[in-house]
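The values are calculated or read from the model by the stated rules, or taken from the named source; none is laboratory data. Model, not experiment: these values are computed from the prediction. Only protein heavy atoms, including side chains, enter the accessible area calculation; ligands, DNA and RNA are left aside. Shrake-Rupley method; radii C 1.70, N 1.55, O 1.52, S 1.80 Å.
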Amino acid sequence: ENGETLSHFKIEHNPQGFQHLDGVLRNLAPLKISIERPDGLLVDFLEEQNWDLYLIPPRATAAKRGRRSKNDKRDARLLANLLRTGDQDCRPMGRSSELVIHLKHKVRLFDKLQQDRQRNTNRLVHTLKLYYPAMVGMFRNVHQPITLDFLQRFPDPQTVQQTSFEDFATFFDGRHYNSKHKIPGFYERLQAPAPVATDED
């Protein structure tokens, strides 16, 4: 109550770190917690443990920090003092319903899958530029099914160069490819002489 620091520590952003935090908090209870953001795995965990959370917008923290450089330890003390002194910018955070928490988890999972897809797409494009450059740009998206099917059917430049135009066109017919006028250009492009990469490259 007099602003004295009772405990100062860092945690890992994982279940073990969260449990350690919860244990320390229970030894200090009763207490209130001030935070700068209303979402995230740690916030979800604190909500599930029924801790009283108070939200202070980052802009308010920045204004009260003044010209001092951002520092985690100093900012933690600032957040605690704002809550302790009843600052007007420090307000109770409403509790999310079970449905909202469930939806937040779903959205977080969706975002992670999107990031994974983009990361894998970038890796595939990079590999194609090194090994199979003539194929880069043939399809609108590298991760769309027809692109992946094409790579399975024609996994390297040598395979497609040994394929007749009729068999090449049949591949697109079997996948109901709409831009049929592009197929001859694709074939000509892939038949052009190009450096041969090996598996070791």
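Might you let me know whether region 83-102 holds any residue that is part of a helix (DSSP H, G or I) and at pLDDT 90 or above? Within region 83-102, one or more residues are part of a helix (DSSP H, G or I) and at pLDDT 90 or above. For region 2-53, a residue qualifies if it is open to solvent by 40 Å² or more (accessible area, probe 1.4 Å) and under 19 Å from D89 (Cα atoms), and the qualifying residues are L31, K32, E36, R37, P38, D39, D52. For region 124-161, what are the residues that are part of a loop (DSSP other than H, G, I, E, B), open to solvent by 50 Å² or more (accessible area, probe 1.4 Å) and under 21 Å from K180 (Cα atoms)? G137, R140, N141, H143, listed by residue number.
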